[in-house]
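What follows is one structure encoded as structure tokens, with my remarks underneath.
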Amino acid sequence: SSELTLSVSCLQPSCFGYPLSIFFIIINEFCERFSYYGMRAVLVLYFKYFLQWDDNLSTAIYHTFVALCYLTPILGAIIADSWLGKFLTIVSLSIVYTIGQAVMAVSSINDLTDGNRDGAPDNLSLHVGLSMTGLILIALGTGGIKPCVSAFGGDQFGDHQDKQRSRFFSIFYLSINAGSLLSTIITPILRAQECGIHSKQRCYPLAFGVPAALMAISLVVFIAGSGMYKKVRPQGNVMVQVSKCIGFAIKNRFQHRSKEFPKREHWLDWASEKYDKRLIAQTKMVLKVLFLYIPLPMFWALFDQQGSRWTLQATTMDGNFVVLIFFPPYVCLQQTVNPILIIIMVPVVDAVVYPLIKKCKINFTPLRKITVGMFLASLAFIAAALVQVQIDKTLPVFPAAEETQIKIINLGTSGVTVQFAPQLPSVNVTSMESTGYTMFKASELQTVSIISGNKTLEEQINFPGGERHTLGIKTTAEGIVTHWLFDNVTSKPDEGNNLIRFINNLPDAINITMGETAFGTLRPLSATNYSLFAGGRKDDITVIRNLISCSAASEALGFGSAYTIIIDGCTAEKLNVVYSEDIPPNTVHMAWQIPQYFILTCAEVVFSVTGLEFSYSQAPSNMKAVLQAGWLLTVAVGNIIVLIVAGASKLSEQWAEYVLFAALLLAVCIIFAIMAYFYTYVDPNEVEAQLDEEEKKQAKKDYNVYEKQADAVSQM
């Protein structure tokens, strides 16, 4: 059988005292983590900008996927321990995983259904169906192999290689962080490229395709080491035994609920008719820790919003980072801050912070550390709420259904006075200047009167509500000329992009190109439609007038803005342009997100690392898998909480939702602190030693009884 244990570890090839097989496992883990985190880094943006879902639906599906990824490890552990063994489980589910990543890459190909070649998929339902299928397969794959790979690596070492095994786990977790860090830098860069057969779009196929390729490489590398692995036969899953023990105790207690049956010290003691005393005692210890897990999902509800709400928050901020000039900053910063800070903070906290606390003679127990971690996570969301308040102050106000906004641009050489209906105030606009958008009730807008010097013009107007319009005015020798523009923009541009359009203020027709975008021929006093440009860039503007070409570099237009650029002069030497701001750029810098990431990373270090350490210290050696499954389950439940709270709160302001989550975690933190206060630490080794002693006494007692019975039989 392929699952037979190799009893002699020296038969395995080794390198520097380590089994050669572990190097295949480490490379496999690096590639798998690159694949998972790389795909997840752009997932919520794919939902919003490719599938065209709103923020709430994108967040809901993202957290559903993450929850599924942390529910499936229980299934993977049961399959590995009870049926296939770790090796075949990893291979089988890795194939499922690779197929899922490939399906995700295919689902993001715009040209798959873009029959009319307009740059937008014609059949979004097909793309949604493919992407959901891919995500389900990925969740089954990544979750299923999660509890198997590290344990399989540990199996490669002999009993005399404790030191090497310990170093292996350090290298193993370093490979996880390395894969995560590199992928969260690289995949957003790949996504920012433009690709496509018929039209150029954000390159999601490349952003998902590279992780799919890495997962395929991960599978090939793992199978390549097959002949070197030590493969242990499945020995049954302890989680199944614990579940059966608990189930039998509940059933037996219910059947003996009558008062005629004497009470037992603990409800699990009702399982003693079928299960041995050791399993019952070990299950009691595990349940004691699992009871403390009940408040923990609320921490993960906040923590995993880094990949959803905080990512979306970053898209509304100024991402002008000089050091990250080649990266898409609105994704690069927020996705890489956490793994970088983790690598820095873990050794700092262990080597500096904890020793200082100990010197101050503060008893900083594991449960107190977890409590502090929850409090810090709550504080991080308060910081996020404060940033959101500042962002909201900079957002433009768009007209409601019964309102209309009008902006005026004076394209002439003399000032003008504009009066909307007799009862509304007049507006004075100097030459080549523009006003901001003025809000009107649509029903009040009936006429507009324009005065420039001794020239006047009156027009009848009738605009529906919920729209923005721009009035271009130019005074000529013949009189006043107006040009109305419908501004079909009712929100800030997505992803930090900018919207640009041009007005030709020259007497001749011109041809305009900005960067690689050709706006075509533009007649005098007419305007182009808006075109989308990447934020933070400067592009060359080229104008051809009467076969004469003139050009100039555009201004830095920031992120998330909209501008009307007026072509006001074109000679062989110079291009003269005037900028009119339609939507202001994002002004809250993305660096303001760093404090919330720093606080949340500190929370993760004292919460997550300490939580696992505490759990392992309080559980019997053969029950650690149960607690690992329980810990992963808290992550899954935390993501489900996000769905419930975000769906039930119905808060219109994002900052209010951040405050709500912070308040909920603070309340849960207080409850956990009370639970921790009454918790009594145990030493599983002492409990198991006591059980061993009792078993020896019982065995000796049984032996004495047997001897007496044997003597009695011999004397007959």
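If I model a spin label at Ala552 and Leu174 as a point 7 Å from the Cα along the Cα→Cβ vector, what separation in nanometres do I get? Distance between label points: 5.5 nm.
The length gained on full extension between Leu395 and Ala224, counted as 0.36 nm times the residue separation minus their Cα-Cα distance, comes to 56.1 nm. Note on Ile340/Ile95: beta-carbon distance plugged into 1/(1 + (r/R0)^6) with R0 of 30 Å gives a FRET efficiency of 0.35. Helices that extend 27 Å or more along their long axis by alpha-carbon positions and average at least 0.0 on the Kyte-Doolittle scale are, among the DSSP H runs of the chain, 21-41, 55-79, 86-107, 124-155, 162-192, 204-224, 329-348, 366-394, 624-649, 654-677. Cross-link partners of Lys708 among lysines, defined as those whose alpha carbon lies under 23 angstrom from its own and excluding same-chain residues fewer than eight positions apart: Lys696, Lys697, Lys700.
For the stretch 399-487, the extents of the C-alpha atoms along the principal axes are 39, 22, 19 Å, listed from largest to smallest. Gain on full extension, evaluated as 0.36 nm per residue between Ser443 and Tyr679 minus their Cα-Cα distance, stands at 78.2 nm. The fraction of accessible area contributed by carbon and sulfur in the chain is 61 percent, rounded to a whole number (1.4 Å probe; ligands and nucleic acids excluded).
When only C-alpha pairs under 8 Å and at least 6 residues apart count, what is the relative contact order of the stretch 15-232, in percent? After rounding, I find 39 percent. The accessible area of Arg545, taken with all protein chains in place and a 1.4 Å probe, comes to roughly 50 Å². With a simple spin-label model that places each label point 7 Å from the Cα along the Cα-to-Cβ direction, the separation between Arg257 and Asn123 comes to 5.5 nm. So if we plug the beta-carbon distance of Thr365 and Ser649 into 1/(1 + (r/R0)^6) with R0 = 41 Å, what FRET efficiency do we get, rounded to 0.05? Efficiency, rounded to the nearest 0.05: 0.75.
In the chain, the DSSP-assigned H stretches of four residues or longer account for a calculated mean residue ellipticity at 222 nm of -17000 deg cm²/dmol, using -39500 (n - 2.57) per stretch and the full residue count as denominator.
With contacts taken as Cα pairs under 8 Å and at least 6 residues apart, the chain reaches a relative contact order of 16 percent. Relative to the Cα centre, the charge distribution of the chain, modelled as +1 at Lys and Arg Cβ and -1 at Asp and Glu Cβ, gives a dipole magnitude of about 2260 debye.
Compactness of the stretch 15-232 was expressed as the Cα radius of gyration divided by 2.2 N^0.38 Å, which yields 1.10.
With 27 Å as the limit on Cα-Cα distance, the pairs of Lys263/Lys288; Lys407/Lys492; Lys251/Lys701; Lys146/Lys231 that go past it are Lys251/Lys701. The candidate values are (i) 1.08; (ii) 1.11; (iii) 1.00; the one derived from this structure for Rg/Rh (Cα atoms, Kirkwood Rh) carries the label (ii). Heavy-atom accessible surface of Ile670, to the nearest 10 Å², is about 100 Å², with a 1.4 Å probe and all protein chains retained. Inter-label distance, Ile594 to Asp508: 5.1 nm, where each label sits 7 Å from its Cα along the C-beta direction.
Identify all aspartates and glutamates with a Cα-Cα distance to Lys441 below 15 Å; exclude those on the same chain that are fewer than 8 residues away in sequence. List returned: Glu402, Glu403, Glu467.
The values are calculated or read from the model by the stated rules, or taken from the named source; none is laboratory data. Since the structure is predicted, the reported quantities are computational estimates derived from the model, not experimental observations. Reconstructed Cβ throughout: ideal geometry from the backbone, glycine too, with neighbour counts over all protein chains shown. The area values use the complete protein model at the heavy-atom level, side chains included, leaving out ligands, DNA and RNA. Shrake-Rupley method; radii C 1.70, N 1.55, O 1.52, S 1.80 Å.
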